[in-house]
Amino acid sequence: MNPKLQHLQPYPFEKLRQLFNGILPNPQLKPINISLGEPKHATPQFIREALSNNLDGLAGYPTTIGRDSLRQAIADWLQHRYGVTQIDPTTQVIPTLGSREALFSFAQAVLDGGKGDGLVLCPNPFYQIYEGAALLAGLQPYFINTVAETNYRLDWASVPDEVWRRVQLVFTCSPGNPNGAVMTLDEWRELFALSDKYGFVIAADECYTEIYFDETNPPLGALQAAQQLGRDGFPRLVVLGSLSKRSNVPGMRSGFAAGDAAIIKQFSLYRTYHGSAMGGAIQAASEAAWKDETHVRENRRLYTEKFDTFYDVVNPVLPLIKPAASFYYWVRTPIDDKDFTVRLLRDANVTVLPGSLLARDAHGINPGKNFVRIALVSSVAESSEAANRIRHFIEQLS
């Protein structure tokens, strides 16, 4: 077996199951699980129809680079959404099997495990794929803690020069999981300058970009920032996007990688051997989804309603900060986050995710400790019920 597998930690939800061993939830209340970031809104009918109308595609092997029309649809969306006019769908865009697969395989393609001291820089708390991708490529993760006191900003200046010299890849997540923070143009400018100086690649995880609450102020994207800063060709930058949350199709496993043409070329070569071609029917449904914005706006309307209702109910007893984007509330707990989670399940039959399970001890702290992540992915009614139960639970704690 690959000896690197022994370095992987259990996924947060496996740790959560272990935490709940022997805990009996309140049997008088229907279970509500708001721990998992899995979209629960209905898949739009037109996407379902596009999928079912193209099942003939099952009879042929798809190509790794995907259909020209799909890559063009993604490029058109990038231009419409971000004003990115310098993207070539033939050399700078490829479809992926969602962002999770792409994030992991991208790291395997760009990292050089032969350099024994190599590092992959990640935010902390973080999506565990970043850590696993680094470890299985033979490198070590280096964490930048994101904390409430600095509005969850990634403090690039906190990283020593001797660390930057060993960094091969930087994972960013904007809007952030779990805090919803959006990187500013100044933060991108600083990161791009560091990439120019030290030569590392940037993998921008943008799976939450279309869940935001101000229609006049969508989150800044990495390619958008690069173009605004005059970085022609997007040097050493690749963005990983996804339809899962934007279009409520997590089961389709559909996303894209876009950016630096030289890196995309090598990533495509890797994917040819990795076996990551998207099926024809999924490509057709994906193309339809990227071409439509009406369902995305309705999706945001539902999230806005849920976030506002939840805030109005819970904030009087448990202070909340509305995120700029994403579908999570990142909430400071009045007691230990694991104890809070266990007692909330036991007393209210509501499942949340302890923040300490989403983070690692780094630089003397676990930045997720005494926080919980609440995923408002279910219906408006169920989210409202969860809010009422949490409020009652907090009032009983007082």
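The values are calculated or read from the model by the stated rules, or taken from the named source; none is laboratory data. What you see is a predicted model, and the numbers here were worked out from it, not measured in a lab. Because the Cβ atoms are built from the backbone with ideal geometry, glycine has one as well, and the counts that use them run over all protein chains shown. Each accessible area value is taken on the protein alone, full model and side chains, heavy atoms only, with ligands, DNA and RNA left out. Shrake-Rupley method; radii C 1.70, N 1.55, O 1.52, S 1.80 Å.
Quick notes on this structure:
- Evaluating Pro316 against the criteria (1) surrounded by fewer than 23 Cβ atoms within 10 Å (Cβ to Cβ); (2) of a type outside the set (Asp, Glu); (3) touching a residue at least 40 places away in the same chain (Cβ under 8 Å); (4) assigned to a helix (DSSP H, G or I) leaves one unmet condition, (4).
- Counting the residues of the range 319-369 that are assigned to a strand (DSSP E or B) and either at pLDDT below 95 or in contact with a Lys or Arg (Cβ under 7 Å, 6 or more places away or on another chain) (or both) gives 5.
- Elements of type helices (runs of 4 or more DSSP H) in the range 93-206, at least 3 residues being aromatic (Phe, Trp, Tyr): 185-198
- The criterion of being exposed (fewer than 14 other Cβ atoms within 10 Å of the Cβ) and touching a residue at least 24 places away in the same chain (Cβ under 8 Å) holds for Leu58.
- Picking from residues in the range 145-181 that are free of Cβ contacts under 8 Å to residues at least 24 places away in the same chain and among the charged types (D, E, K, R), the one that is nearest to Ser195 (Cα to Cα) is Asp161.
- Filtered residue count, the range 309-324, keeping only those that are out of contact with any Ser or Thr (no Cβ under 7 Å at 6 or more places or on another chain), under 14 Å from Ile374 (Cα atoms) and not β-branched (Val, Ile, Thr): 7
- Taking each residue of the range 364-384 that is open to solvent by 40 Å² or more (accessible area, probe 1.4 Å) and looking for partners that are aliphatic (A, V, I, L, M) with beta-carbon atoms closer than 7 Å, six or more apart or interchain, yields Val380/Leu302; Glu382/Ile32.
- Matching residues, the range 39-55, being of a type in the set (D, E, K, R) and either outside any loop (DSSP other than H, G, I, E, B) or within 13 Å of Met252 (Cβ to Cβ) (or both): Arg48, Glu49
- Among residues that are at pLDDT 95 or above, in contact with an Asp or Glu (Cβ under 8 Å, 6 or more places away or on another chain) and at negative phi, Ala226 is not included.
- Here the condition is being modelled with pLDDT of 95 or more and either over 18 Å from the mean Cα position of the chain (by Cα) or assigned to a helix (DSSP H, G or I) (or both); of Arg389, Arg373, it holds for Arg389 alone.
- Residue within the range 150-168 that is more than 18 Å from Leu358 (Cα to Cα), buried (at least 16 other Cβ atoms within 10 Å of the Cβ) and touching a Ser or Thr at 6+ places or on another chain (Cβ under 8 Å) present: no
- Leu51 satisfies every condition listed in (1) surrounded by 18 or more Cβ atoms within 10 Å (Cβ to Cβ); (2) in contact with a strand residue (DSSP E or B) (Cβ under 8 Å, 6 or more places away or on another chain); (3) not aromatic (Phe, Trp, Tyr) except (2).
- Among residues of the range 2-30 that are surrounded by 14 or more Cβ atoms within 10 Å (Cβ to Cβ), those with a beta-carbon under 8 Å from a residue that is assigned to a helix (DSSP H, G or I) and among the acidic types (Asp, Glu) at least six positions away or on a different chain give the pairs Asn26/Asp347.
- Among the residues making up the range 169-179, those that are open to solvent by less than 10 Å² (accessible area, probe 1.4 Å) and either under 10 Å from the mean Cα position of the chain (by Cα) or among the aliphatic types (A, V, I, L, M) (or both) are Leu169, Val170, Thr172, Ser174, Pro175, Gly176, Pro178.
- All positions within the range 159-210 that are in contact with a helix residue (DSSP H, G or I) (Cβ under 7 Å, 6 or more places away or on another chain), more than 13 Å from Ser326 (Cβ to Cβ) and of a type in the set (Asp, Glu): Glu190
- Total residues in the range 259-308, condition outside any helix (DSSP H, G or I), under 24 Å from Thr91 (Cα atoms) and open to solvent by 10 Å² or more (accessible area, probe 1.4 Å): 6
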